[in-house]
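Participant: I have a structure here, written as structure tokens, and I will follow up with some questions on it.
The values are calculated or read from the model by the stated rules, or taken from the named source; none is laboratory data. These numbers were taken from a predicted model, which means no experiment stands behind them. In this analysis, Cβ positions are derived from the backbone assuming ideal geometry, glycine residues included, and neighbour counts consider all displayed protein chains.
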């Protein structure tokens, strides 16, 4: 039986999404959540979810941080974003973090059902007007450049970056590391400078394209001699 998670804080949109899902998969099992935290709870308890349908901006999230958290915790879950925000730059970033599709909330139920079918069949779905958005693979030169930048980070900065990638905010990172929030802010500023990116979300997207777990392991293996930096 197909199992689908619908994540939206508006009851009417959840009902509309369920109607479209039922049109494509009448007998599927549907789970619902209204926040990223609730969605992560469902995903932790329920195994073998086949598809997540997510609103883009949910309570308690900033930018794409919520979706980055889900992708980090469940990298194999196909995620399709259903949103009223149709900025091509946002759609491009969604693809960059591994989303399996995007549709507008203004989409008809039939088209939405078709999009769900495509993603469940393993395709990446985009409306026709977004078909020209390309996602070329990172070249070896670009990848090597990012590797060198990551190697410039101290072990503590690597830990902070990993928590940024998981969607944690500065206050949460400070609590996890047992340091002052001002110290975390200083680490974040240095991370953005060293990686040459302009925002936390962009940093999460860039490292999300790589096997970041490898860098974390390497950093931790190197000891904690720089952990106070």
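Participant: Kindly indicate whether residue 22 is within 29 Å of residue 170 (Cβ to Cβ) and outside any loop (DSSP other than H, G, I, E, B).
Facilitator: no
Participant: Limited to segment 47-60, what total is found for residues that are in contact (Cβ under 8 Å) with a residue 60 or more places away in the chain and crowded, with 19+ Cβ neighbours inside 10 Å?
Facilitator: Summing the residues that are in contact (Cβ under 8 Å) with a residue 60 or more places away in the chain and crowded, with 19+ Cβ neighbours inside 10 Å in segment 47-60 gives 2.
Participant: So, one more: Could you check segment 17-42 and list, in sequence order, the residues that are buried (at least 19 other Cβ atoms within 10 Å of the Cβ) and farther than 22 Å from residue 126 by Cβ?
Facilitator: Within segment 17-42, 33, 36, 39 meet the criteria.
Participant: Output the number of the condition that residue 168 fails; it satisfies all remaining conditions of (1) modelled with pLDDT of 90 or more; (2) outside any helix (DSSP H, G or I).
Facilitator: Looking at each condition in turn, residue 168 falls short on (1).
Participant: Looking at segment 50-62, which of the residues that are in a loop (DSSP other than H, G, I, E, B) and touching a strand residue (DSSP E or B) at 6+ places or on another chain (Cβ under 8 Å) is farthest from residue 16 (Cα to Cα)?
Facilitator: 50
Participant: Can you name every residue in segment 63-99 that is out of contact with any strand residue (DSSP E or B) (no Cβ under 6 Å at 6 or more places or on another chain), in a helix (DSSP H, G or I) and without any contact (Cβ under 8 Å) to a residue 40 or more places away in the chain?
Facilitator: Scanning segment 63-99 gives 67, 70, 89, 90.
Participant: Can you go through 41, 9, 37 and tell me which one is assigned to a loop (DSSP other than H, G, I, E, B) and modelled with pLDDT of 90 or more?
Facilitator: 9 is the lone residue from the list that is assigned to a loop (DSSP other than H, G, I, E, B) and modelled with pLDDT of 90 or more.
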